[in-house]
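The block underneath contains the structure these notes are about, expressed in structure tokens.
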Amino acid sequence: MNNNLSNIKKSKLFLDKGECVAIPTETVYGLAANAYSNKATSKIFRLKKRPKKNPLITHYVNLKMLKEDCVLNDNFFKLYKKFCPGPITFILKLKKKSKISKNVTNNKKTLAIRFPKHQLTRKLLKKLNYPLAAPSANISSKISPVTKEDVIDELGKKIKFVLDGGRSRVGLESTIVNLIKKPQILRLGGIEISKINKVLKSKMKFNKKKKKIIMPGQNNVHYSPGIPIRLNIKKPKPDEAFILIKKRKLFGKNFYYLTKTKNLKEAAKKLYKTLRMIKKKNFKSISVEKIPNLGLGQAINDRLIRASKF
Ligand code: TXA
Ligand code: MG
């Protein structure tokens, strides 16, 4: 615990000086900087080689600071009550007087915000007098990190400090909901659409085409281990790594299973870890068994499809 406290203090020191620090969240690790500072946020883009036009998510610990930056509406309050802190991001209207850096929004009038659940990051946010802009702490288009070691694997010595919070519990990024007008799902993630629809009494589906227009920075290739991935495969080639949703009796050396019982939460948590592990083993390609397209399975399939566009 004391160790955690001194690490939080260290993180604050770096952040106050305008440096980037990697922070643990329940979804994936983030590469964080003071969201009010142009200088600090520009370092995020340089470090992870992110295109400038791709806006960042800003992380808050309570409504007080958020109210300074965004216009809040009824749908926001409904979802906030039910899911926050947790793996959900909201797109809201930016207030004119907001101090959010133009780097974070790509000069637009909307802001992506979320309340991460990880206790260390919440403690850190409580000590700061600014919110934290943080994309996932990977090199752009590569696999998101879910442990401190993954962050170092991605960013190496370029990162000043990683706040170690153990393994991310969800293992997939947050679900993004656009709340500017009629609610709309922009990215599948840690919270299933059906749960959001229940709260809003809506019937939203995930619409890929619309999403592309609203999220201009999103390129198609993403979450990529850097080798070809084939999906919905029943029989892998002999030299391929094979990802299975559930452990089998007949098991090969090149087989990697995501769960013991086909539990999709467990599969989501293990996905990025498994892709990273396979990449390290120097396989030339990966095949993946069909993953049920239900609940979190939809988010898993979304990531796999985009990883396969290598
Ligand atoms: O779980 C998560 O959301 C993680 C953790 C670290 O919080 N963060 C994360 O950030 O996944 P990133 O940068 O890897 O993905 C954020 C996505 C990007 O695709 C970006 O285009 C989109 O959010 N985005 C950011 N601001 C937006 C805005 N104002 N309107 C629409 N999309 C936005
Ligand atoms: Mg990312």
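The values are calculated or read from the model by the stated rules, or taken from the named source; none is laboratory data. All figures in this text were calculated on a predicted structure; none of them were measured in a lab. Here Cβ is always computed from backbone atoms with ideal geometry, including for glycine, and neighbour counts include all displayed protein chains. Just so you know, the surface numbers come from the protein's heavy atoms only, side chains and all, with ligands and any DNA or RNA stripped out. Shrake-Rupley method; radii C 1.70, N 1.55, O 1.52, S 1.80 Å.
Below, the figures for the structure above:
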| item | result |
| --- | --- |
| Using alpha-carbon coordinates, inclination of helix 2-16 to the longest axis of the chain, degrees | 60 degrees |
| Karplus 3J(HN,Hα) series, Hz, for region 155-160 with 6.51 cos²θ - 1.76 cosθ + 1.60 (x for Gly, Pro) | 10, x, 6, 5, 8, 6 |
| Cα-only Debye scattering, region 249-289: base-10 log of I(q)/I(0) at q = 0.21, 0.22 Å⁻¹ | -0.73, -0.80 |
| Accessible area of the chain divided out per residue, in Å², using a probe of 1.4 angstrom | 50 Å² |
| Efficiency of FRET between LYS280 and ASN207 - r from beta-carbon atoms, R0 30 angstrom, step 0.05 | 0.25 |
| Distance between region 248-310 and region 58-131 - C-alpha centres, whole angstrom | 32 Å |
| Listed residue pairs exceeding 31 Å between alpha carbons, taken from LYS52/LYS309; LYS97/LYS309; LYS142/LYS235; LYS109/LYS195 | LYS97/LYS309 |
| Separation of the ASP239 and LYS81 label points, Cα + 7 Å toward Cβ, nm | 5.9 nm |
| J(HN,Hα) series, region 303-308, from Karplus relation 6.51 cos²θ - 1.76 cosθ + 1.60, nearest Hz, glycine and proline x | 5, 5, 4, 6, 5, 7 |
| Spin-label model distance (nm) - SER308 vs PHE251, 7 Å beyond Cα toward Cβ | 2.5 nm |
| Sequence-distant residues sharing a close amide H with ARG230 (under 5 Å, placed H) | ILE286, SER287, VAL288 |
| Computed helical MRE - 222 nm, the chain, DSSP H runs ≥ 4 contributing -39500 (n - 2.57), nearest 500 | -10000 deg cm²/dmol |
| Note, ³J(HN,Hα) from phi for region 109-121, Karplus 6.51, -1.76, 1.60, rounded to Hz, x at Gly and Pro | 9, 10, 9, 8, 9, 8, 10, x, 8, 4, 4, 5, 5 |
| Per-bin percent of Cα-Cα distances, region 155-198 [5 Å] | 5, 16, 18, 16, 12, 12, 11, 8, 2 |
| Globularity index of region 229-307, i.e. its alpha-carbon radius of gyration over 2.2 N^0.38 Å | 0.99 |
| Rounded percent of accessible protein surface that carbon and sulfur make up, the chain, 1.4 Å probe | 54 percent |
| Principal axis box of the chain, alpha-carbon based, largest edge first, Å | 60, 45, 35 |
| Cross-link partners of LYS280 among aspartates and glutamates (Cα-Cα below 12 Å; sequence separation of 8 or more within a chain) | ASP150, ASP153 |
| Added length on full extension, which subtracts the Cα-Cα distance from 0.36 nm per residue, LYS265 to ASN129 | 45.5 nm |
| Efficiency of FRET from Cβ geometry, LYS49 and GLU149, R₀ 25 Å, rounded to 0.05 | 0.75 |
| Inter-label distance for ASN2 and VAL221, nm, one decimal - labels placed 7 Å from Cα along Cα-to-Cβ | 4.9 nm |
| Subset of LYS49/LYS284; LYS49/LYS160; LYS234/LYS265; LYS53/LYS269 violating a 19 Å alpha-carbon distance limit | LYS49/LYS284; LYS234/LYS265; LYS53/LYS269 |
